[in-house]
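Notes to accompany the following structure.
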Amino acid sequence: MERAAHIPLGVRLSSDIEHRPDRPSPYRARARWTDPATGRRVTLSEGQAAEDDAHNWIKSLKEAAQAGISPGLATMTLADYGNTTMPLALRGLELKTHDPYLAGWRRRVVPALSHLPVRMITNGAVDRTVHTWIADELSRSVVKNSIAVLVRVMEQAVRDGLITTNPARITGWQAQYKQAQDELDDPRSLALPDFAALQRLAHALVERSHGNYQGWGDVVLFAGCTAARIGEVSGVRLGDIDPTTWIWTVRRQTTPAPGGLTDKATKGKRARKVPLIEEIRPLVAQRLLTAGPDPDARLFTGPRGGRISTAVLRDATHWDTVVTELGHEHLRRHDLRHTGLTWFADADVPVHVLREIAGHGPRPENPADPASRSPPRPLDRLVPTWPPRHAAEGPPDCSGGPSDPRLSQVGTTGFEPATP
C-alpha cells in the first residue's frame, strides 16, 4: 500500500455511493484519486450497512487526505500497519528486548486486534483485550510486553497522523491481577447463585442452538461443576475419568491454532485432579456409557463430532443474547469456573487446594500462612461428601435425555468407590 509520503498534502478525492439491495452491506462507498507517483487512477471501496455510515467513511478519507495521509494508509488494518512500521516502532530499544516484544505482537496483539483498522482501535477495545489476557492467566510480564509493543505501534500511528491520541496507553491493568486472586478467594462474586440457575442456563442455550443440540448444555453443566475451562472440557477423554473415585485427571485442553483447533497440554504444562460433585455424576455416567469402550474417545464434542472452543460455544448457542435474557448479562464463558469454585469453597476446601483444582500455579510459601505449608493430601480426603441439595426429589437429571437403566449401577453420592 502507498505510504503517506507518496501523497501530497490536499490530494483531491472523488467519491460516490452505490446502493446494492441484494448485498448484506448494501451501500458501497467508493473513493478515487490519482497517484502522483505513478499517474494511475486508484480506487478504494467498502460496503456499509447504512447510507450514513457510507457518508462517514468517505468523510474520514477526505479528512485524512487533507492532512496529507494516504487513503490506503488511512484504512490499513493494524496487522498491515504494524508489519509496515515495526522497525520504526521498535527503534531505540535494545536488541534483547525485540524478541519478547515481537512474540507479544505475533501471539497476542495480532490474534486479538489485527482485523481492525488502526483508526478504529479504541481505548475500550484495548482494555477488554488486556482483561481477556489476564483472565486467560497469562503472566504479568507477558501482558506487559504485549501492551508495550502495541503502545509503540500506536505511538507511530500518532506520529503518522492517523490518530490523535494513543488508545493503548491504559492504566490500572496490573490491579486486575489482585482482582483475579480475590475471585479465587471469593468466587461467589462472579458465580451463578445455585445449581438450578446453571441448569436453566444450559437448557436455554440448548433451546437457542441449531437443532437443539443437547451437547452444548452438557458442556456448560460440566464446566460449571468442575471449574474447568471450555478448552479443558473439550479435551476430556474417557480414560481421564475414574468412575470408582469420581476423579477427573485434567491432561489436555483444546485451543485455536493455525489451521484450526488443536489439543495441547494444560496451562502450566502439568496434569491436575478435579473431583466430580454429586450433581454432575449422572451426566458423566451417561456420557461414559454412550461414548464407547475406547479410552481415547472424547466425552464432549460438537454436533458433528468436532472439537469445542469458547468461540464455537458462543456462536452456536447465541450466548450473549441468552445470558442477557436470563439476567446474567455480565456472564462470560470462562466465568463458569467461578461457579464451580464456589461449590468447592462451600465444602470448606482449603485455598491451596482450590488453586490446584482451578489450575493455578502453586502459591509461594508464606510463613504467616499455615495453608501455604500444608502437605498435599488425596482429594477424596480433602473434599467431604457433597451436601444433598435435592434430597426431596432425588438426584438431579443433568443429561436432559432419556435415562439409561445401566445408570442405576453407578454410585452417585460421596466419594466412596462405585462400579459402573
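The values are calculated or read from the model by the stated rules, or taken from the named source; none is laboratory data. Keep in mind it's a predicted model, so treat the numbers as computed, not measured. Glycine gets a Cβ as well: all are built from the backbone with ideal geometry, and neighbour counts include every protein chain shown. Heads up: the accessible areas ignore ligands, DNA and RNA and are worked out on the full protein's heavy atoms, side chains in. Shrake-Rupley method; radii C 1.70, N 1.55, O 1.52, S 1.80 Å.
Okay, here's what the table says:
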read-out: In Å², nearest 10: area of residue 267 left accessible to a 1.4 Å probe; value: 60
read-out: Percent carbon-and-sulfur accessible area, segment 75-129, ignoring ligands, DNA and RNA, probe 1.4 Å; value: 54
read-out: Solvent accessible area, Å² - residue 86, 1.4 Å probe, full protein context; value: 20
read-out: Label-reachable residues, segment 141-177, where backbone N falls under 16 Å from a point 7 Å from residue 122's Cα toward its Cβ; value: 164-170
read-out: Whole-Å semi-axes of the ellipsoid equivalent to segment 287-349 (Cα gyration tensor, √5λ, descending); value: 26, 21, 9
read-out: Sequence-distant lysines (8 or more away, or on other chains) whose Cα lies within less than 30 Å of residue 264; value: 96, 144, 178, 273
read-out: Nitroxide proxy distance, nm - points 7 Å out along Cα→Cβ at residue 174 and residue 324; value: 3.6
read-out: Surface accessible to a 1.4 Å probe, residue 41 within the full protein complex, Å²; value: 140
read-out: Semi-axes of the equivalent ellipsoid for segment 239-309, Cα gyration tensor, largest first, Å; value: 22, 17, 10
read-out: Three-way shape call for segment 212-275 based on the alpha-carbon gyration tensor, with the a/c threshold at 1.5; value: oblate
read-out: Trypsin sites (Lys or Arg not before Pro) within segment 80-124: DSSP coil, no more than 16 neighbouring Cβ in 10 Å; value: 91
read-out: Selection of trypsin sites (Lys or Arg not before Pro), segment 278-322, meeting DSSP coil and at most 13 other Cβ within 10 Å; value: 304
read-out: Cα-based shape type of segment 211-358, given that a ≥ b ≥ c are square roots of the gyration tensor eigenvalues and the cut on a/c is 1.5; value: rounded
